[in-house]
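Let me begin by presenting the structure, written as structure tokens, before commenting on it.
Every number here is computed from the coordinates shown, using simple stated rules; none is lab data. These numbers were taken from a predicted model, which means no experiment stands behind them. Cβ sites come from the backbone with ideal geometry, for glycine too, and all protein chains shown count toward neighbours.
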Number of protein chains: 4
Amino acid sequence: MAEQEKNQESFARGRRRSSQSHQAILQAAREVLEQVGYQAMTIEAIAARAGVGKKTIYRWWPSKAAVALESLTSHTEVYVPFPDTGSLERDLTLYFELSFPGLQGKSGTVLSGLAAEAQLDPVFAHEFQRTFIVPRKQELVALLQRGLQRGELAPDTNLEVLADLIYGAKWYRFLLHPAPLDDVFAREIVKLILRLRSEASRT
Amino acid sequence: MAEQEKNQESFARGRRRSSQSHQAILQAAREVLEQVGYQAMTIEAIAARAGVGKKTIYRWWPSKAAVALESLTSHTEVYVPFPDTGSLERDLTLYFELSFPGLQGKSGTVLSGLAAEAQLDPVFAHEFQRTFIVPRKQELVALLQRGLQRGELAPDTNLEVLADLIYGAKWYRFLLHPAPLDDVFAREIVKLILRLRSEASRT
Amino acid sequence: MAEQEKNQESFARGRRRSSQSHQAILQAAREVLEQVGYQAMTIEAIAARAGVGKKTIYRWWPSKAAVALESLTSHTEVYVPFPDTGSLERDLTLYFELSFPGLQGKSGTVLSGLAAEAQLDPVFAHEFQRTFIVPRKQELVALLQRGLQRGELAPDTNLEVLADLIYGAKWYRFLLHPAPLDDVFAREIVKLILRLRSEASRT
Amino acid sequence: MAEQEKNQESFARGRRRSSQSHQAILQAAREVLEQVGYQAMTIEAIAARAGVGKKTIYRWWPSKAAVALESLTSHTEVYVPFPDTGSLERDLTLYFELSFPGLQGKSGTVLSGLAAEAQLDPVFAHEFQRTFIVPRKQELVALLQRGLQRGELAPDTNLEVLADLIYGAKWYRFLLHPAPLDDVFAREIVKLILRLRSEASRT
DNA sequence: AGGTAACCGAGACGGTACGTCGTGTCTTTGC
DNA sequence: GCAAAGACACGACGTACCGTCTCGGTTACCT
């Protein structure tokens, strides 16, 4: 969120940011999210639970979405590692199976809430893309790239667009379509993807 | 949403006003959306502009999202017909090229706003899926089915999941990923889909 | 305000009070008062304008009222000398005419602001009385005493109460009553006071 | 406070002001004033105690001072009747003795708080003068007028200025000067006033 | 000469109240 | 007898200052 203060120790005047408050706020946000969900979470509730003035939150984050995003990403458990087993089929299946559980329950609520906020608040949208969407997409592209180099995909496959298809299907079911995110879905997607092994004949 | 006022001129006791108000509200919603966008639109603003009591809005719609949804769908221009040219490649490309423009500009804002609301309000989520998401998905499945029957897709292709991939990619770029929805994207997706023609060898 | 550090040089360790900051604060207070008036003046604004930490102000004054009071009294122009012309009528008339202008404009705003603060803050009320109200009252009593000794007032006149009447009329018009503080008012008051020359007949 | 809605029944649309809320607010204000004093009273506390939204208070009063003023004057006990005994001396003495007790204790705090607010808020100052200060002054002038007609004051006495002197002395001791408002003070003032019986000789 | 205590500018901190906004409900009155 | 106008209870918003604290640094007295 705020790593851009590196070369400023020259004119760092006044009291420093309290990392105690910083952590208390993120922890409080996690607890409030757990209890009432993203929609009902308020800055006031976070401040009250963290024992912190509202100003302190507004000083460091522009919106409740930003707090929620950092409270989500600062907890390592949320991060799903991208597998590298030497097989595209296993990598993809494994990735889906690992990432689906995090979309269920309260943590899923947070994520869909952040996606909602990104629609309503362009500033947050940019931040969300920068710190969440794009890095994950890049890792997925790398995963596909490894498969391509092993010959598991046609060499001329547009990996960017393929990643859009894969992530898109997942987000589509998560956000919009009333259909389950389960192992059956994972297998069916992987089955379709693997057919792309074949060279493009024409077009 | 509210088509049940048909045979009511008989006991016209100020009731005839109803469908007039109904239209005025939808029209006002469209204007407010146009001017301030989905996020900043309020029920109060719609009521004021329509010259209508807020109660009248709440009587027929449960939320501003519901008003926006109906104001969007009641305008036929938004509806994109699914092509049937006899060629899967042409059908898909045409569909993309026709539907992308509606996601730009203000009407795109409304749609992403509704998608956002669906994350935050489960009641509206259900309505949005029922009247918007699912019908379009079914039409896309039908389009793919026609291609499959023509032999343009492998006979054992899971069309539901394939539709998730296609719609997913579109919504993913629209809602989450900072990448353009243009003809290049359309062509690349179609190119990938068409490779699925080949029979599944193993898996 | 802070003259009680006389016999403390025994354990006067550390840096001494910066008279430069002291003066900068009083000057900044005067400027802020001039620009925004007493009500809108804040400690933060004074500190910012003086280029001084808020703590430095709180170290030496208990409230913004105390700063304003000192910034007012430290400027000699505000002090109105009590005349001694040998005539009660001339002394009183002159005093009024000299003191009325200071109640107009911004400096009047400060004074009424301090009077307001004295209602709201008992600690400041005491300070305001001690350093402002009482000394002036005593000088007025002395002025009246000189008149009494010259036979211009009845010998049994209660000068304390008479001073209350005179000052009261001035403050009443200044703070509460929407009537002008001008030479006509001054003359009319003096006219009434001078009638007290006559001995009390009964009572 | 709001008597200007007389000839408006022609276009009185919408829900009317709830007199229940109105009274609840005034009552709550009285209670809060009693408990914490004027300075510490807040709009939020009044709203909470009255079971009323803050908006409802702001809709009808511009400031907490206005609420306090109406809550004070709407309680008839505060009003001190001006006596008419046929004797100026008795009228004045009686008036003082009746009015001094109301300046002690909590109700005195409210009054000095309102006087303070009038210094800080020009809009309220005008309202305070209009509904509180001026009417009382006029009654005092009338009281003096009765004495003058009975020959208890010189016929050319400037009653306006005399009233300023009398009220001024009272307010001066009440707001500014650390001296008691008691029967001794009342008698001494009256004694001085009564000396004005004599005709002006010169001046 | 060094130690150390009090000062200084800057500004983040926990708090409190502000006045506004939008929600969804409820009156009142006019048509 | 419906529906416009709009008052209502509620509750979060984001802001403004308060008075305190922490920080790095500066005097200037006292060993």
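Under a cut-off of 19 Å between alpha-carbon atoms, report the lysines in cross-link reach of A:Lys55, not counting same-chain residues fewer than 8 places apart.
Candidates past the 8-residue exclusion: A:Lys64, C:Lys54.
Could you work out the relative contact order of chain B? I mean the mean sequence separation of Cα pairs under 8 Å and 6+ apart, divided by the number of residues, in percent. Could the numbers behind the result be given before it?
Details: 153 pairs, mean separation 37.1, N = 203.
Computed value for chain B: 18 percent relative contact order.
Dipole size in debye (nearest 20) for chain B around its Cα centre, Lys and Arg Cβ +1, Asp and Glu Cβ -1? Walk me through the intermediate numbers first.
Details: 25 positive and 24 negative charges, 127 e Å.
Dipole of chain B, to the nearest 20 debye: 620 debye.
Which of A:Asp182, C:Asp164, B:Asp121 comes first, and how do the rest follow, when ranked by fewest Cβ neighbours within 10 Å?
On the way: A:Asp182 13, C:Asp164 27, B:Asp121 19.
Fewest to most other Cβ atoms nearby, the residues stand as A:Asp182, B:Asp121, C:Asp164.
Taking K and R as +1 and D and E as -1, what net charge do the other residues with C-beta under 13 Å from the C-beta of C:Val134 add up to?
Values: positive: C:Arg130, C:Arg136, C:Lys137, D:Arg173; negative: C:Glu127, C:Glu139, C:Glu160, C:Asp164.
Residues near C:Val134 contribute 0 overall.
How many partner chain Cβ atoms sit within 10 Å of a residue's Cβ in peptide B:184-197, on average, as a whole number?
Average per residue, whole number: 5.
Name the lysines eligible as straight-distance cross-link partners of A:Lys191: C-alpha to C-alpha under 27 Å, and not fewer than 8 places from it in the same chain.
List returned: A:Lys137, A:Lys170, B:Lys137, B:Lys170, B:Lys191.
Seen from all sides and averaged, what is the projected area of the convex hull of the Cα atoms in the protein assembly as shown, in nm²? Provide the component values of the computation, followed by the final result.
Details: hull surface 204.1 nm².
The number I arrive at for the protein assembly as shown is 51.0 nm².
What percent of all Cα-Cα pairs in the range B:50-203 falls into each 5 Å bin, going from 0 up to the bin containing the maximum distance?
2, 8, 16, 20, 18, 14, 10, 7, 4, 2, 1, 0, 0, 0
Report, in whole Å, the centroid distance computed from the Cα atoms of the range A:141-196 and the range C:62-128.
For the range A:141-196 versus the range C:62-128, the Cα centre distance is 81 Å.
In Å, what Rg and Dmax follow from the Cα atoms of the range D:142-203?
Radius of gyration, then largest Cα-Cα span, for the range D:142-203: 12.9, 36 Å.
Could you tally the net charge around D:Ser112, taking each other residue with its Cβ under 12 Å from the Cβ of D:Ser112, Lys/Arg +1 and Asp/Glu -1? Please list the in-between numbers first.
Details: positive: D:Lys106, D:Arg173; negative: C:Glu117, C:Asp121, D:Glu117.
Cβ neighbours under 12 Å give a net charge of -1.
Mind checking Rg over Rh on the range C:76-162, alpha carbons, Kirkwood formula for Rh?
On the way: Rg = 14.9 Å, Rh = 14.5 Å.
Ratio of gyration radius to Kirkwood radius for the range C:76-162: 1.03.
If you count, for every residue in A:171-183, the Cβ atoms of partner chains within 10 Å of its Cβ, what is the mean? Before the final figure, lay out each step's value.
Working: counts 8, 13, 4, 2, 11, 15, 10, 6, 6, 0, 0, 0, 0.
Counting other chains' Cβ atoms within 10 Å and averaging over A:171-183 gives 6.
Using a 10 Å cut-off around each Cβ of peptide C:131-140, what is the average number of partner chain Cβ atoms that fall inside? All intermediate terms of the calculation are to be shown ahead of the outcome.
Working: counts 0, 1, 5, 4, 0, 0, 4, 0, 0, 0.
Taking all residues of C:131-140 together, the mean is 1.
Would you mind counting up the charge near D:Ser71? Only other residues with Cβ under 11 Å from its Cβ, with Lys and Arg at +1 and Asp and Glu at -1. Present the calculation step by step, with values, prior to reporting the outcome.
Numbers: positive: D:Arg30, D:Lys64; negative: D:Glu31, D:Glu34, D:Glu70.
It works out to a net charge of -1.
Quick one: order B:Tyr58, C:Tyr38 by neighbouring beta-carbon count within 10 Å, fewest to most.
On the way: B:Tyr58 12, C:Tyr38 24.
Fewest-to-most Cβ neighbours within 10 Å comes out as B:Tyr58, C:Tyr38.
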